[in-house]
Amino acid sequence: MSKEVIAKIAGKELTQADFDEFMKKVPPEQRAYLDQPQGKQMFLDQFYAMYLFAQLGADEKLDETDEYKELLETMKRELLSQMAMAKTVEGITVSDKEVKAFYDTNKMMFGKGESVQARHILVDDEAKANEIKAAVENNEISFEDAAKEHSKCPSKEAGGDLGRFERGQMVLPFEEAAFAAEVGKVIGPVETNFGYHLIKVEQRFEAEEKTFDDMKEQIKNQLIQQKYSETFSKKIEELKAKYME
């Protein structure tokens, strides 16, 4: 760390290392401004202001007030708590063997079910739905243009595209029809509580299973958090028995 002195305030030398430490508390997305002269000067001004106002507070003996002493005690308590918590979970790890065992036991959690990507046209009247379907099948209008012109669903703006969805994400009559449909064929009208749907399935996707390598880091983090939680809970009970009256 650079010991180059960049300023002196009330006799205290401030170094580049002090500024670098100050910048660690700045959100990463804002640090990019350091590359610009104006941005760097802005952060330097903030850095200097912290020391300037601290000196002003010392000159006005704010550190002798009850408010300062109460705040200091609060900060000391929070810092001690954070350090003690960190020490409590120090050394907690999860082995690759534990991660693999969790993956093997819970494989059903790490997969995607069968899914389809479909478009639909939603109208209030069954006769209107049949009329639109006939026009599409006779190539008088494309399904996408018919959706934009007639559908009352917000998906009309995207030509009726509902994206990719799995079972359980749509109302049951719609879901059953969509998953039974032949790719590229317009089916319906299908009645739901929303109205009458024409459905066109564009792609079908088989169920997928995420591999161990795909899930390893996520499972590891999950197990570590679980161990942290269990350790904290146990420690809190110990501390209650020791300190609470």
- line: Residue pairs within 6 Å by beta carbon, gap of at least six or interchain, first lying in the stretch 19-39 and without any contact (Cβ under 8 Å) to a residue 60 or more places away in the chain, second hydroxyl-bearing (S, T, Y), listed first then second, are G39/Y33
query: Would you pick out the residues in the stretch 206-221 that are surrounded by 14 or more Cβ atoms within 10 Å (Cβ to Cβ) and not charged (D, E, K, R)?
result: F212, M215, I219
- request: For residues that are touching a Lys or Arg at 6+ places or on another chain (Cβ under 8 Å), over 19 Å from G113 (Cβ atoms) and among the charged types (D, E, K, R), scanning just the stretch 153-183, find the one that is most open to solvent (accessible area, probe 1.4 Å).
  value: E157
message: Please pick out the residue among V94, V116, V99 that is assigned to a loop (DSSP other than H, G, I, E, B) and surrounded by 13 or more Cβ atoms within 10 Å (Cβ to Cβ).
response: V94
- request: Would you check which residues across the stretch 5-19 are open to solvent by 40 Å² or more (accessible area, probe 1.4 Å) and either in a strand (DSSP E or B) or within 14 Å of Q55 (Cβ to Cβ) (or both) and list them?
  value: V5, I6, K8, A10, G11, K12, E13
message: So in the stretch 222-236, with the set limited to residues that are loosely packed, with under 12 Cβ neighbours inside 10 Å and over 22 Å from the mean Cα position of the chain (by Cα), which one is farthest from K100 (Cα to Cα)?
response: I236
query: Pairs under 7 Å by beta carbon, first residue in contact (Cβ under 8 Å) with a residue 40 or more places away in the chain in the stretch 100-113, partner among the aliphatic types (A, V, I, L, M) and part of a helix (DSSP H, G or I), six or more apart or different chains?
result: F102/I219; F102/L223; Y103/M215; Y103/I219; F110/M215
task: Check whether at least one residue in the stretch 144-152 is outside any helix (DSSP H, G or I) and surrounded by fewer than 15 Cβ atoms within 10 Å (Cβ to Cβ), and report yes or no.
output: yes
query: Could you say whether any residue in the stretch 182-192 is touching a residue at least 40 places away in the same chain (Cβ under 8 Å), touching a strand residue (DSSP E or B) at 6+ places or on another chain (Cβ under 7 Å) and either aromatic (F, W, Y) or assigned to a loop (DSSP other than H, G, I, E, B) (or both)?
result: no
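The values are calculated or read from the model by the stated rules, or taken from the named source; none is laboratory data. Predicted model only: the values in this text are computed from it and were never measured. Neighbour counts are summed over all protein chains in view; Cβ atoms, including those assigned to glycine, are modelled from backbone coordinates with ideal geometry. In case anyone asks, the SASA skips ligands and DNA or RNA and just uses the protein heavy atoms, side chains included. Shrake-Rupley method; radii C 1.70, N 1.55, O 1.52, S 1.80 Å.
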